[in-house]
Amino acid sequence: MRTSPSACLVCGILLLAPALGFSAMTGTGGDPQVNHLRSKQAAAAPAQPVAKEETIAPGERQKSLDDGLYMSGEFTYALQGGVASITLDQVNNDSSTRTTGTLRLSLWATTYQPARGASVTGYRLATFQSLGQLSPRTYFSNVAESSSYLAPPDGSYWLVVVLAEYNPAACPSNSDGYCLTDTYVSFSQVSWGTAQPSFNYSDLWWTSTESGWGISLLQHPSNFMFAAWFTYDEAGMPKWYVAPACRLVGDYCYGTLYETTGSPFSQPFDPAAVTVKAVGTLSLTFTSYGAGVMRYNVRGVVATKSITRQPF
């Protein structure tokens with residue numbers, strides 16, 4: 001549906017609950033400004049063919065919110081029985097002079113969180129039928145698309161909705177001629193498959209050039225990992241975070257980080273002093289028996305650390 005522009009930008013977010021072994025999933029998503037959360041999981045269906053890794057890049061004149069071609073509102077997704085379906089509130093062309101090229105949506109799985117509107121490298125799960133062109137100062141609303149989909153390799157992924165515009169001259173590296181113009185990315189991840197880890201990663205890990213902090217990992221036979229990260233806060237004071245349910249799929253682990261408080265060791269235990277607060281996320285990617293990459297997001301502070309087992 002094509003209509004005149006609305007007076008304001010409606011926002012949403014995408015929250016995906018980890019769903020190991022499920023090929024039937026539903027959820028919502030959009031701009032990470034609005035706290036609207038919805039997710040469901042359904043029974044497993046037959047395994048899907050595996051997607052191949054590829055990249056989609058923006059054009060030479062990258063489209064963005066500033067350029068007036070972007071997605072807005074909320075989207076929903078469903079992956080079930082080999083079919084991917086999405087709905088999206090709006091695709092906007094705010095330009096007063098320019099008619100867009102043909103527009104198209106696709107759904108991707110990535111092992112990282114790409115910046116909005118930036119190049120995406122990952123697994124293209126589904127490519128939907130083209131939406132057509134948008135005249136100046138118009139938008140598509142209530143978009144609903146369905147297509148067959150390919151599953152990514154076993155692992156945990158962020159899901160990314162990509163809006164692309166057909167303009168082969170602007171993005172010659174994209175074989176299909178569609179240039180990335182806007183993206184929505186999930187805050188949490190979805191897991192596919194049941195791949196086993198290559199090793200038991202229980203140990204004390206650190207960054208050898210950054211003495212003073214580290215992360216203790218305990219891997220359970222269920223392939224859930226308990227992570228206890230000892231570090232320092234902004235004031236240089238000691239700080240602990242824990243990820244009590246970091247789910248391992250293959251050699252990748254992802255979980256929620258929590259901050260806790262409790263009774264002082266010098267006093268009788270007081271259960272009322274115990275608090276648990278979610279403050280971010282933790283992911284661990286192990287590249288060998290003794291090396292890996294730690295990524296964290298704590299209250300919006302995002303960083304990546306190379307870690308190794310601490311020798312004794």
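The values are calculated or read from the model by the stated rules, or taken from the named source; none is laboratory data. Bear in mind the structure is a predicted one, so any value in this text is a computation, not a measurement. Every residue, glycine among them, receives a Cβ derived from its backbone with ideal geometry; neighbour counts consider all protein chains shown.
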> When the range 257-300 is examined, which residues are found to be in contact (Cβ under 8 Å) with a residue 60 or more places away in the chain, in contact with a Gly (Cβ under 9 Å, 6 or more places away or on another chain) and aliphatic (A, V, I, L, M)?
Replying inline: Leu284
>> Would you confirm whether or not the range 2-22 contains a residue that is among the charged types (D, E, K, R), assigned to a strand (DSSP E or B), surrounded by 14 or more Cβ atoms within 10 Å (Cβ to Cβ) and at pLDDT 80 or above?
In response: no
>> If a residue must be surrounded by 18 or more Cβ atoms within 10 Å (Cβ to Cβ) and either modelled with pLDDT of 95 or more or over 21 Å from the mean Cα position of the chain (by Cα) (or both), how many such residues does the range 142-158 contain?
In response: 2
> What about Gly214, is it surrounded by 13 or more Cβ atoms within 10 Å (Cβ to Cβ), over 24 Å from the mean Cα position of the chain (by Cα) and farther than 26 Å from Gly193 by Cα?
Replying inline: yes
>> Between Thr207, Thr231, which is in contact (Cβ under 8 Å) with a residue 60 or more places away in the chain and either touching a strand residue (DSSP E or B) at 6+ places or on another chain (Cβ under 6 Å) or on the phi < 0 side of the Ramachandran plot (or both)?
In response: Thr207
>> Take Ser175 and tell me if it is without any contact (Cβ under 8 Å) to a residue 40 or more places away in the chain, surrounded by fewer than 14 Cβ atoms within 10 Å (Cβ to Cβ) and more than 23 Å from Tyr296 (Cβ to Cβ).
In response: yes
